[in-house]
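Okay, so here's the structure we're looking at.
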Amino acid sequence: MMDCVFCQIVAGKIPSTVLYQDEDVLAFRDINPLAPTHVLIIPKKHIPSLADITDDEAPLMGRMAGVANRLAREAGVSESGYRLVVSSGEDGGQIVPHLHMHLLGGRKLSARLC
Ligand code: 5GP
Ligand code: ZN
């Protein structure tokens with residue numbers, strides 16, 4: 001999937017500020033941060049969106065949430081609060097077609113979800 005920007009980040013072909021990685025999961029800073037803490041947590045495997053995840057792959061979402069919680073603690077926003085966002089498909093507002101979770105924190109976020 002070398003036309004996929006996040007696969008290129010996984011492969012190291014596009015530079016990114018990596019905050020965490022293991023065999024299956026990568027986390028890096030969003031290039032256009034919407035909050036003081038804005039991290040993207042992705043599976044290393046190319047899965048286009050949440051809608052495409054199989055039952056076998058579903059535990060990855062829990063792993064990604066665990067990584068997000070760990071990074072929230074490291075960023076010092078665990079107690080002040082933060083938001084995890086997964087957009088899926090066109091109406092969901094997903095732009096990059098590689099499953100990702102946004103970790104947003106470090107400021108008071110709107111109570112409105114959309
Ligand atoms: P989406 O709108 O698909 O949920 O979010 C995609 C996110 O990826 C956006 O917040 C955007 O700023 C981020 N992004 C897009 N291209 C790059 C890139 O090349 N590097 C990094 N670090 N983030 C990117
Ligand atoms: Zn990809």
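Considering only protein heavy atoms and a probe of 1.4 Å, how much of the accessible area of segment 1-72 is carbon and sulfur, as a whole percent? Mind showing how you got there, number by number?
Working: 2100 of 3940 Å².
Solvent-exposed carbon and sulfur of segment 1-72 make up 53 percent of the total.
At what distance in nm do the modelled label points of R29 and K108 sit from each other, each positioned 7 Å from its Cα along Cα→Cβ?
2.6 nm
Based solely on its DSSP helices, what 222 nm [θ] is calculated for the chain when runs of n ≥ 4 H residues each add -39,500 (n - 2.57) and the sum is averaged over all residues, nearest 500 deg cm²/dmol? Mind dumping the intermediate values first?
Details: 2 runs with 23 residues, N = 114.
Here the helix-only value at 222 nm equals -6000 deg cm²/dmol.
Per-residue counts of other Cβ atoms within 10 Å, averaged by peptide: what ranking do you get for 37-50, 70-83, 9-22, highest first?
Values: 37-50: 19.6, 70-83: 15.6, 9-22: 13.9.
Packing proxy ranking, top to bottom: 37-50, 70-83, 9-22.
Nothing charged except the Cβ atoms of Lys and Arg (+1) and of Asp and Glu (-1): what's the magnitude of the dipole of the chain about its Cα centre? Round to the nearest 20 debye.
On the way: 11 positive and 13 negative charges, 123 e Å.
Dipole size: approximately 580 debye.
Name the cysteines of the chain that stand alone by the Cβ rule: no other cysteine Cβ under 4.7 angstrom.
C114
In segment 5-105, if the dipole is taken from +1 on Lys/Arg beta carbons and -1 on Asp/Glu beta carbons about the Cα centre, which of Y20, S49, C7 is farthest to the positive end?
Of Y20, S49, C7, it is Y20.
For segment 80-101 and segment 1-71, what is the centre-to-centre distance using only Cα atoms, to the nearest Å?
11 Å
Please compute the Kirkwood hydrodynamic radius over segment 1-71, one decimal place, Å, based on all pairs of different Cα atoms.
Final number for the Kirkwood radius of segment 1-71 is 12.8 Å.
Mind listing the phi-derived Karplus ³J(HN,Hα) values for segment 29-39, rounded to whole Hz, using 6.51, -1.76 and 1.60 with θ = phi - 60°, and x for any glycine or proline?
5, 5, 6, 10, x, 9, 7, x, 10, 9, 10
Tell me the per residue accessible area of segment 5-105 using a 1.4 Å probe; a whole number in Å² is fine. Don't skip to the end; give the middle numbers.
Numbers: 5520 Å² over 101 residues.
On a per-residue basis, segment 5-105 sits at 55 Å².
The values are calculated or read from the model by the stated rules, or taken from the named source; none is laboratory data. Here the structure is a predicted model, which is why all the values come from computation and not from measurement. Cβ atoms come from the backbone with ideal geometry, glycine included; neighbour counts cover every protein chain shown. Just so you know, the surface numbers come from the protein's heavy atoms only, side chains and all, with ligands and any DNA or RNA stripped out. Shrake-Rupley method; radii C 1.70, N 1.55, O 1.52, S 1.80 Å.
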